[in-house]
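What follows draws every value from the coordinates through simple rules; no lab data is involved. This one's a predicted model, so the numbers in the text were calculated from it and none came from an experiment. Here Cβ is always computed from backbone atoms with ideal geometry, including for glycine, and neighbour counts include all displayed protein chains.
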Ligand code: ACO
């Protein structure tokens, strides 16, 4: 078989088909054919999760059944709580990856197990975050997916903020062959189990070039006293050829529709907010200097900050949502499976004598 050379990072390479999500010719992100920003504007996050997994929005009875399936796995195993107390780690993504790996799941069937894993994410994240900071886990609440997640992540009940969070959860839910989804598909393609596949995805999401970016944005951001200081920061980074987290995307080269949607939501929350003005100054300067657009993570970090969510929970929140995209891709990979195993061009030594 003749070999095909592809660009580094598989940039622009189509490796398989998907019916889950795509970006259309106008730059809109589509989930199962619907515009993601329209879903974010009008639909409940749990319904969008159902859509992504099942390829259709739920009927009333399907909605109830889906909520029931998520709720039945919303608790925490007592032994796992004990393990959490032994973890000295404060990095929530690291703990989430470990706990997802060892959790004693109840489901026997793969499809139930995938949903069980997704259902357990918010509780695992909330408990490990609180326990690692010497706090007691929160009592659960009977609420919608977004309201419960907002409560578990902040300890507060706030229907308005939960409505804002609902939108972000939808925008984070799926993005075709991004790095974590591709990692999941590679693992699934070996016929490894659902837990191993989701752990691969989680481990990949953690990196700062992918989902981990949203946790790093406020670090450089909050210290700026005015727009001029923010612009100077961009100039210095560009001059030294360093990357700024929250900018650039493999797919969106001029505009990330999710970032612009979230920006408008921030404007609705408080267009006079200092942080919003700094953000716009950075975005404009980056475009002027590098022609690189803000990605979802840039405005999502500011959005979550304004919603009162702790920075350590930004990437885990992304994971709590993206896990539904991973489920769809796990199923799709197995429907027409072929092991993903590329070749490499050898550039090492040959003919060495012992
Ligand atoms: N800051 C400064 N310049 C950038 C940035 C950035 N964040 N991102 C891209 N560029 C520049 C590159 O330096 C390069 O410029 P050059 O041609 O002058 O060398 C050009 O834009 C193309 O960038 P690549 O890194 O080659 O693009 P690629 O598609 O390989 O990478 C990636 C995409 C990894 C997202 C990249 O833009 C990046 O590292 N961004 C910062 C991390 C980040 O925000 N990640 C979140 C992604 S979105 C998400 O996961 C929801």
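Points to keep in mind about this one:
- Gyration tensor over alpha-carbon atoms, the range 15-86, equivalent ellipsoid semi-axes in Å: 31, 18, 12
- More than 14 angstrom apart: percent of Cα pairs within the range 60-111: 64
- Percent of Cα pairs in the range 205-351 per distance bin of 10 Å, from zero to the largest separation: 10, 34, 29, 15, 9, 2, 0.
- For the range 154-237, the convex hull spanned by the alpha carbon atoms encloses 160 Å³ per residue.
- Each 10 Å bin, from zero up to the one with the longest distance, holds this percent of the alpha carbon pairs of the range 194-238: 23, 34, 23, 14, 7.
- Square roots of five times the Cα gyration tensor eigenvalues for the range 1-142, Å: 33, 24, 16
- For the range 58-216, the relative contact order is 20 percent, taking Cα pairs closer than 8 Å that sit 6 or more residues apart in sequence and dividing their mean separation by the residue count.
- Part-to-part distance (alpha-carbon centres) for the range 219-283 and the range 56-105, which is given in Å: 33
- Percentage of interatomic Cα-Cα distances in the range 234-302 larger than 17 Å: 38
- Angstrom value of the Kirkwood radius, inverse mean 1/r, which spans all Cα pairs in the range 59-188: 16.0
- Relative contact order, percent, the range 138-227 [alpha-carbon distance under 8 Å, six or more residues apart]: 16
- Whole-angstrom Cα spans of the range 82-123 along principal axes, big to small: 33, 16, 14
- Taken over the range 263-330, the ratio of Cα radius of gyration to 2.2 N^0.38 Å equals 1.30.
- 5 Å-binned pair-distance histogram of the range 1-52 (Cα, whole percent): 4, 16, 21, 17, 13, 10, 9, 5, 3, 2
- The range 107-178 - Rg over Rh from alpha carbon coordinates, Kirkwood radius: 1.02
- Whole-number D in µm² s⁻¹ for the chain, Kirkwood Cα-pair radius fed into Stokes-Einstein, 25 °C, 0.890 mPa s: 115
- On the principal axes of its alpha-carbon atoms, the range 114-271 has extents of 47, 42, 32 Å, going from largest to smallest.
- Note on 50, 105, 346: ascending count of other Cβ atoms within 10 Å places them as 346, 105, 50, the fewest first.
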